[in-house]
Structure formats: C-alpha cells, structure tokens
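Asks: My questions will all concern the structure given below.
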Amino acid sequence: MRFVVWLLALIAIPAAAQYPEKPVTLLAGYPPGGLVDVVSRLVAEGMKPKLPKGINVVNRPGAAGALAVAEVVRSAPDGYTIVLTPHSALVIAAQMQNLAYKTPDDYEPIVNLVSYYPMIAVRTESDYKTLNDLIADAKANPGKLRVGSPGEGTSSHLNLEEFMRVTGTRMIHVPFQGWAQSSPALLGGHIEAVVAQPGELRGAVDGKRMRVLVNFRPARLQSFADVPTAKELGLDVANGVWYMLLAPRGTPASVVQHLHDAAKAAIEEPKFGADMANRGIDVDYRPGGTLRTDLWREYKLHTEILQRIGMLKN
C-alpha cells in the first residue's frame, strides 16, 4: 500500500518539477562560425552544470534569425527547445514578414545575455581611408556602392538604412546569411563595405585584411579605441544588438527560472566576460520580465523606422 501511495505521488508531480529529464536543444539562427554561433556555444558550455542531461547547439540559419525563433515558438512549451537570437529577429523581422510570432507576447523571454553595436568596415586595399571618403564617393556615385549585412531586417541593416538617411546617400544593400558569407564577399571585392559585429571583424583587422571606418556604439570601444563613433562624426545613428534566450509561450515558470539561472551563471563566469570583451561585446544581463518590457519599447521604435523606409508589413 505504501508503494502505491508513493507511486501515485510521483505521478502527480508536475513534469516541470522533474526538469530537466533529457538534453536541451539550443537553436542558433545563423550559420556556424558567426557571432550568434560562437556566443551560443560559449553560453551552452557554461549552462551545462545546471543541465546535467546536456545541451546541444543546433544551427538553423535563415530569414535573419527568424527561422530559428519560429521553430521554437511552434515547439512544445516544455523547456527542451530554446533559441539564442538577436533581438532584430523579434522587433524587426517580425514586422516585415508573416511569421509564427508577431509581438513580444508571443514567446517567453528567458534572459538577455550580451549586447554590442555594429561597425562599417572595408578591405585594407580600399581607397576609403575614413568614413568621409566613403560618404563622398556614395554621394558622387548614388546607387553604386554595395554594402553587405548579416541579412535584411537585421539591426546591422537598419543601421545602414539610418546611416544613408542621415548622410543623404544611396547605396546598395546586399544581405547575406552571416559573416561566413559576407566577409569573403568583401575580401573578394564583390562588395565595397560591410556592416558587421566587432567580434567578427577583430581577426580580419588584426590580420590587416580589413579596416573599420566607424562604430555605431555611443562611446568608443576599448578594443577598437582608434575607431571613431558615428556620434563623434556628427551622425545620430546608434542601433545596438542584443542576444537573448527565448522559450515557447506557456513554458512553466519553474522551467524558465531554471534556464534563466543556468544562463545567468554562464555569463557571470569571468572567463565568459573576458572573452566577450575581447570580441567588443558587453555582458548585458536582464531577466525575462525586464527584457519583455525592453522588447516592447524597441518593437514600437522599429515600427516607426520600418514605416519610414517603406519596409513595414501591415
């Protein structure tokens, strides 16, 4: 009889209370080798102590990160499928495409991990020694210069759109799936410039293959101390990027908290912070509730930007 009572009590325990019973899948919405992939793998490694069954990173590139987010939104809300995504897939792509999600109420924000600001770079052989050189050529040859980005609807893309607006220039935006595609295009001379993350540019700059012309960060970045900010040059352009973890809407609060605690412990590791700093990235912890509020603010801000450039989907 005692055994039966114990068995019934065990059955009554919610599945969430037994979490995790199996490995967690962490989707990364960009190809291997890019910054989303790198941060995903570093965070996953740091989460393992609190996820004893394991956590596997799976790349799902496509639609500027939206493909991976859509897959998670459609997944079972059990905490076994989550995504690491830039916020651009949430506040920009969701307003440009018909997706499985629309607003910040359609998924469960777990935690914000890091943030950074994109930069514009050219190859070292380029005649553009400064940003003003590029602007002058763009004005003299409207619609000629080709500038790559990690994809249409990314924060990098919108920085480029805002940059063209405030400088009165017109350039050709060339969307790629990520750094693994855009960097060879720049080095091969197929595009004249690229908007990219500091961490992706670091190796190419150190190897003297690329030169950075401007940083969209409000203040200079210590690891790129010689690169002027857009604001220093009189340009009001500063569209940052956040990387965060999301779960499907309806995921039990205890499961979300478990994942939050695992990720928070990962980004609080000194080694993680040092690695991010070397890549020009700031550790930027924000819990789910704060993050949802921030996402709604950014969502409304980007509604105005997308409407202005004619990319808002009604």
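Asks: Pulled fully out, how much extra length does the chain show between V166 and A136, if you take 0.36 nm times their separation in residues and subtract their Cα-Cα distance?
Replies: Extra length from V166 to A136 when fully extended: 9.5 nm.
Asks: Computed over the Cα atoms of the chain, what is the ratio Rg over Rh, Rh following Kirkwood?
Replies: Rg/Rh for the chain comes to 1.03.
Asks: Rounded to the nearest 20 debye, what is the charge dipole size of the chain about its Cα centre when +1 sits on each Lys and Arg Cβ and -1 on each Asp and Glu Cβ?
Replies: Dipole size: approximately 240 debye.
Asks: Expressed in whole Å with the largest first, what are the equivalent ellipsoid semi-axes of the stretch 122-256 derived from the C-alpha gyration tensor as the square root of 5 times each eigenvalue?
Replies: After scaling each eigenvalue by five and taking roots: 28, 17, 16 Å.
Asks: Per residue of the stretch 303-313, what does 6.51 cos²θ - 1.76 cosθ + 1.60 with θ = phi - 60° give for ³J(HN,Hα)? Whole Hz please, x for Gly and Pro, Karplus curve as stated.
Replies: 4, 5, 5, 5, 5, 5, 9, x, 10, 7, 9
Asks: What list of ³J(HN,Hα) couplings, whole Hz, do you get for the stretch 243-254 from phi and the Karplus terms 6.51, -1.76, 1.60, once you set θ to phi - 60° and write x for glycine and proline?
Replies: 10, 9, 9, 10, 10, x, 4, x, 4, x, 4, 5
Asks: Please give the peptides 193-202, 237-246 ranked by average Cβ packing (other Cβ atoms within 10 Å per residue), highest first, as a rough proxy for protection.
Replies: 193-202, 237-246
Asks: Whose amide H sits under 5 Å from the amide H of V214, counting only residues 5 or more places off or on another chain, with H placed in the peptide plane?
Replies: Amide H neighbours of V214, under 5 Å, 5+ apart: I120.
Asks: How much length is gained on full extension from T293 to L312, taking 0.36 nm per residue of separation minus their Cα-Cα distance?
Replies: 4.7 nm
Asks: Roughly how many nanometres apart are two label points built 7 Å out from the Cα toward the Cβ at S254 and K231?
Replies: 4.5
Asks: Where the eigenvalues come from the Cα gyration tensor of the stretch 237-314, what are the semi-axes √(5λ) of the equivalent ellipsoid, largest first, in whole Å?
Replies: They are 28, 20, 9 Å, listed from largest to smallest.
Asks: Once you list every other residue whose beta carbon is under 14 Å from the beta carbon of N112, what net charge do they have if Lys and Arg are +1 and Asp and Glu are -1?
Replies: -2
Asks: Can you pull the percent of the stretch 206-279's accessible area that's carbon plus sulfur, 1.4 Å probe, other chains left in place?
Replies: Solvent-exposed carbon and sulfur of the stretch 206-279 make up 49 percent of the total.
Asks: Still on this structure, please answer the following. May I ask you to derive the relative contact order of the stretch 60-114, considering only C-alpha pairs under 8 Å and at least 6 residues apart, and to give it as an integer percent?
Replies: Normalised by residue count, the contact order of the stretch 60-114 is 33 percent.
Asks: Let me ask something else about it. Under the rule a/c < 1.5 gives rounded, and otherwise a/b versus b/c splits prolate from oblate, where does the stretch 27-132 land using the Cα gyration tensor?
Replies: oblate
Asks: Starting from 0.36 nm per residue, how many nanometres of slack lie between A277 and Q222 once their C-alpha separation is accounted for?
Replies: 18.9 nm
Asks: Mind listing which trypsin sites (Lys or Arg not before Pro) in the stretch 36-90 are in a DSSP loop and have 16 or fewer other Cβ atoms within 10 Å?
Replies: Passing both the DSSP loop test and the Cβ count: K53, R74.
Asks: Please find, in a Gaussian network model of the chain (springs between Cα atoms separated by less than 10 Å), the residue of N59, N159, N141 whose mean-square fluctuation is greatest.
Replies: So, out of N59, N159, N141, the one fluctuating most is N141.
Asks: Amide H neighbours of T81 under 5 Å, at least 5 residues apart or on other chains, H built in the peptide plane: list them.
Replies: For T81, whose amide H was placed from the backbone, the distant partners under 5 Å are T25.
Asks: Here is a follow-up. By the scheme Lys and Arg +1, Asp and Glu -1, what is the net charge of all other residues having a beta-carbon under 15 Å from that of D206?
Replies: Taking every Cβ under 15 Å from that of D206, the sum is +4.
Asks: Can I ask one more? Taking the chain as a Gaussian network, Cα atoms linked when under 10 Å apart, which of A262, A93, A68 shows the biggest mean-square fluctuation?
Replies: Residue with maximal mean-square fluctuation among A262, A93, A68: A262.
Asks: Largest first and in whole Å, what are the equivalent-ellipsoid semi-axes of the stretch 212-260 based on the Cα gyration tensor, each being the root of 5 times an eigenvalue?
Replies: Its equivalent ellipsoid spans semi-axes of 38, 12, 7 Å.
Asks: Also, quick follow-up: Just to confirm a number: summing +1 for Lys and Arg and -1 for Asp and Glu over residues other than T124 whose beta-carbon lies under 9 angstrom from that of T124, what do you get?
Replies: Neighbourhood net charge equals +3.
Asks: Taking the alpha-carbon centroid of each part, what is the distance from the stretch 12-84 to the stretch 109-134 in angstrom?
Replies: Value for the Cα centre distance between the two parts: 28 Å.
Asks: Quick one: among R60, R209, R249, which has the greatest mean-square fluctuation in a GNM of the chain with alpha-carbon springs under 10 angstrom?
Replies: Ranking R60, R209, R249 by mean-square fluctuation puts R209 first.
Asks: If amide H atoms are built 1.01 Å from N in the plane of the peptide, which residues on other chains or at least 5 residues away come under 5 Å of the amide H of A247?
Replies: Close amide H contacts, sequence-distant or interchain: E108, I110.
Asks: For helix 35-47, report the angle its Cα long axis makes with the longest principal axis of the Cα atoms of the chain; keep it between 0 and 90° and round to the nearest 10°.
Replies: Helix 35-47 and the main axis of the chain meet at about 30 degrees.
Asks: Using a 1.4 angstrom probe, figure out how much accessible area the chain has per residue, in square angstrom, rounded to the nearest whole.
Replies: Per-residue value: 43 Å².
The values are calculated or read from the model by the stated rules, or taken from the named source; none is laboratory data. Small disclaimer: the values here were computed from a predicted structure and weren't measured. A quick note on method: Cβ atoms are made from the backbone with ideal geometry, for glycine too, and the neighbour counts reach across all protein chains shown. Note: accessible area is taken over every heavy atom of the protein model, side chains too, but ligands, DNA and RNA are not part of it. Shrake-Rupley method; radii C 1.70, N 1.55, O 1.52, S 1.80 Å.
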